[in-house]
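Engineer: Please see the structure below; I have some questions.
The values are calculated or read from the model by the stated rules, or taken from the named source; none is laboratory data. In this text, all values refer to a predicted model and were calculated from it rather than measured experimentally. As a convention, Cβ positions derive from the backbone with ideal geometry for all residues, glycine included, and neighbour counts pool all protein chains shown.
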Amino acid sequence: MFRITISTRRISLSIDQHATSIRIGSREFLLLRDYVERSRKPRLLETFRDTEARSWEALVMRRWLVSSSPA
């Protein structure tokens, strides 16, 4: 198991075995493999938005989940 973290005052990058997170200012972006079992084949790009939590998720290339949320 490995973990790499690089941090400055405004930007933080963290990489481990299962996920990569980037924090820029007050937003955090998370990149990881999709963990949901689906009964259908998803499209190449699907997006989901939660306006109350001010976050969004995108499923890219049917495999990678990109998530953005306030830090």
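Engineer: Which of the residues that make up the stretch 49-63 are over 17 Å from ARG23 (Cα atoms), of a type in the set (D, E, K, R) and either touching a Gly at 6+ places or on another chain (Cβ under 6 Å) or in a strand (DSSP E or B) (or both)?
Structural biologist: Across the stretch 49-63, the qualifying residues are ARG49, ASP50.
Engineer: Looking only at residues that are among the basic types (Lys, Arg) and touching a Lys or Arg at 6+ places or on another chain (Cβ under 8 Å) in the stretch 35-59, which one is surrounded by the most Cβ atoms within 10 Å (Cβ to Cβ)?
Structural biologist: Restricting to residues being among the basic types (Lys, Arg) and touching a Lys or Arg at 6+ places or on another chain (Cβ under 8 Å), the top hit is ARG43.
Engineer: Of all residues in the stretch 26-49, count the ones that are touching a His at 6+ places or on another chain (Cβ under 7 Å) and more than 23 Å from ALA71 (Cα to Cα).
Structural biologist: Here is the first cut: in the stretch 26-49, the ones touching a His at 6+ places or on another chain (Cβ under 7 Å) are 32.
Subset that is more than 23 Å from ALA71 (Cα to Cα): none.
Within the stretch 26-49, residues that are touching a His at 6+ places or on another chain (Cβ under 7 Å) and more than 23 Å from ALA71 (Cα to Cα) number 0.
Engineer: Using beta carbons and a limit of 9 Å, which pairs, at least six apart or on different chains, have the first residue in the stretch 49-66 and over 14 Å from LEU31 (Cβ atoms) and the second one among the acidic types (Asp, Glu)?
Structural biologist: Qualifying pairs under 9 Å: ARG49/GLU57; ASP50/GLU57; ARG62/ASP34; ARG62/GLU46.
Engineer: Return a yes/no flag: does the stretch 33-50 have any residue that is at pLDDT 85 or above, closer than 24 Å to ILE11 by Cα and under 12 Å from the mean Cα position of the chain (by Cα).
Structural biologist: Taking every residue of the stretch 33-50 in turn, at least one turns out to be at pLDDT 85 or above, closer than 24 Å to ILE11 by Cα and under 12 Å from the mean Cα position of the chain (by Cα).
Engineer: Given the options LEU13, LEU32, name the one that is in contact (Cβ under 8 Å) with a residue 24 or more places away in the chain, surrounded by 13 or more Cβ atoms within 10 Å (Cβ to Cβ), in a strand (DSSP E or B) and not hydroxyl-bearing (Ser, Thr, Tyr).
Structural biologist: Details: LEU13 fails: in contact (Cβ under 8 Å) with a residue 24 or more places away in the chain.
None of the other options fit; the residue is LEU32.
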